[in-house]
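Notes follow the structure.
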Amino acid sequence: MKKISFSIFTICLLFFSSSCEKGFEELNQNPFAPTETGIGQLFNTIIGSLQLGWSEQFYMHNEVLYPVTQLGALTAASWPNVSIGTEDQWNNYYTALAHIREIEKRLDEMEESTEPEALNNVRGMLKIITAYKTFRVTDLFGDIPFFDAGKGYQDIDLARPAFDQQEDIYKFLLEELAWAAENININLEPVTEDGTPYLSIGSFDTFLNGDVYTWIKFANSLRLRHAMRMVEKDPDFATPILKDIIENNLPVIGQGEDIVMLPSAQSWQRQSCHWSFREHNNLRMGDNIWRLFSTTNASDGSGIFDPRAYVFFETNNANEWVPFPQFP
């Protein structure tokens with residue numbers, strides 16, 4: 001009986017050992033933790049990074065940016081840990097930039113086997129979102145690592161990229177936006193001259209839902225905004241951009257149109273906004289911004305002419321519009 005039992009045990013052991021080798025890798029893959037991803041998923045992750053960070057809002061916006069720009073007033077400066085907020089934005093940007101560089105790399109590799117023109121729409125959208133995120137960071141910090149940044153996963157020698165001058169970054173991004181606005185194809189199902197369909201990320205564009213014409217408007221609007229910011233510093237570079245958009249009546253974001261992250265559209269919650277204002281408690285509507293919203297100081301709000309007053313602010317506990325004195 002011992003010999004028979006041992007033989008049966010041995011046979012079973014061999015059976016299960018061989019079974020473990022068949023489909024083992026497939027069975028043990030977590031479907032919620034993929035090891036590979038496509039361009040669409042990477043692009044959608046970049047879109048997700050457009051949400052404002054919790055600490056960025058709390059420590060940067062509430063404590064520094066609102067008072068400095070006088071868009072809000074602080075009743076007390078109680079949270080001076082600004083570095084926490086700057087690190088939040090810094091990490092957000094460079095994490096997204098690594099995804100951007102990966103998409104750029106894949107598009108370059110795809111050019112070897114397909115018509116380069118077929119990649120124009122995805123390239124253009126990527127250039128636009130890169131410009132938007134980069135402008136935000138360089139406008140706050142000045143010189144930043146950019147041209148070699150985000151490539152540390154591809155080349156270890158680029159793990160600590162050098163800082164680049166803001167002027168060079170600005171001019172490069174404005175040229176990238178011009179390329180995007182000129183090369184994005186707005187046809188419903190665009191193809192190249194040899195019949196190659198344009199690459200599309202489809203439903204992964206949760207930002208503008210694949211509306212490439214709105215992407216072009218976004219590009220030209222960014223060109224207009226940032227050329228205006230630098231026109232007094234470098235009129236020879238910025239003025240032709242302004243003339244190009246205005247005199248040629250290029251499409252831009254117009255009245256009643258918005259480029260905005262919406263929780264209902266991208267399926268995210270505005271918990272960070274609620275948290276940053278609830279926990280901070282020291283931010284109020286200042287009288288400087290109030291004068292831009294209302295023609296009178298009537299506490300019943302009868303002088304309000306700008307609807308943004310109702311979006312950004314609310315009345316006090318007595319249901320009155322009473323701005324906080326704000327001295328620069």
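The values are calculated or read from the model by the stated rules, or taken from the named source; none is laboratory data. Everything numeric here is computed off the predicted structure, so don't read it as measured data. A quick note on method: Cβ atoms are made from the backbone with ideal geometry, for glycine too, and the neighbour counts reach across all protein chains shown. Only protein heavy atoms, including side chains, enter the accessible area calculation; ligands, DNA and RNA are left aside. Shrake-Rupley method; radii C 1.70, N 1.55, O 1.52, S 1.80 Å.
Quick one: which helices (runs of 4 or more DSSP H) sit completely within region 244-328 and have at least 2 residues that are over 21 Å from Leu52 (Cβ atoms)?
The qualifying helices (runs of 4 or more DSSP H) are 287-293.
I need the full set of residues from region 47-63 which are of a type in the set (D, E, K, R) and part of a loop (DSSP other than H, G, I, E, B), in order please.
None - no residue of region 47-63 is of a type in the set (D, E, K, R) and part of a loop (DSSP other than H, G, I, E, B), so the list stays empty.
So how many residues does region 238-257 have that are surrounded by fewer than 16 Cβ atoms within 10 Å (Cβ to Cβ) and either farther than 28 Å from Leu208 by Cα or in contact (Cβ under 8 Å) with a residue 60 or more places away in the chain (or both)?
2
Residues are listed down the side, and each one gets a yes or a no for (1) among the aromatic types (Phe, Trp, Tyr); (2) modelled with pLDDT of 95 or more; (3) in contact with a Cys (Cβ under 9 Å, 6 or more places away or on another chain):
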{"position": "Pro31", "(1), (2), (3)": "no, no, no"}
{"position": "Gln51", "(1), (2), (3)": "no, no, no"}
{"position": "Asn62", "(1), (2), (3)": "no, no, no"}
{"position": "Tyr94", "(1), (2), (3)": "yes, yes, no"}
{"position": "Glu112", "(1), (2), (3)": "no, no, no"}
{"position": "Glu117", "(1), (2), (3)": "no, yes, no"}
{"position": "Arg123", "(1), (2), (3)": "no, yes, no"}
{"position": "Val137", "(1), (2), (3)": "no, yes, no"}
{"position": "Ile144", "(1), (2), (3)": "no, yes, no"}
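Which ranges mark the helices (runs of 4 or more DSSP H) fully within region 64-160 that have 3 or more residues being under 30 Å from Glu189 (Cβ atoms)?
82-110, 120-141
Which of (1) at pLDDT 90 or above; (2) hydrophobic (A, V, I, L, M, F, W, C); (3) open to solvent by less than 100 Å² (accessible area, probe 1.4 Å); (4) in contact with a strand residue (DSSP E or B) (Cβ under 8 Å, 6 or more places away or on another chain) does Leu283 not meet, given it meets every other one?
(1)
Do we find that Thr315 is without any contact (Cβ under 8 Å) to a residue 12 or more places away in the chain and among the β-branched types (Val, Ile, Thr) in this structure?
no
Suppose we filter Glu63, Glu115 for residues that are out of contact with any helix residue (DSSP H, G or I) (no Cβ under 9 Å at 6 or more places or on another chain), touching a residue at least 12 places away in the same chain (Cβ under 8 Å) and surrounded by 14 or more Cβ atoms within 10 Å (Cβ to Cβ); which single one remains?
None of the other options fit; the residue is Glu115.
Can you tell me which condition Gly210 does not meet? The list is (1) part of a loop (DSSP other than H, G, I, E, B); (2) under 20 Å from Thr45 (Cβ atoms); (3) in contact (Cβ under 8 Å) with a residue 12 or more places away in the chain; (4) in contact with a helix residue (DSSP H, G or I) (Cβ under 7 Å, 6 or more places away or on another chain), and all the others hold.
(3)
Check off (1) modelled with pLDDT of 90 or more; (2) open to solvent by 80 Å² or more (accessible area, probe 1.4 Å) for Leu42 and give me the number that stays unchecked.
(2)
Which one of the conditions (1) under 28 Å from Ile245 (Cα atoms); (2) open to solvent by 40 Å² or more (accessible area, probe 1.4 Å); (3) modelled with pLDDT under 95 does Glu182 fail to meet, given that it meets all the rest?
Glu182 satisfies every listed condition except (3).
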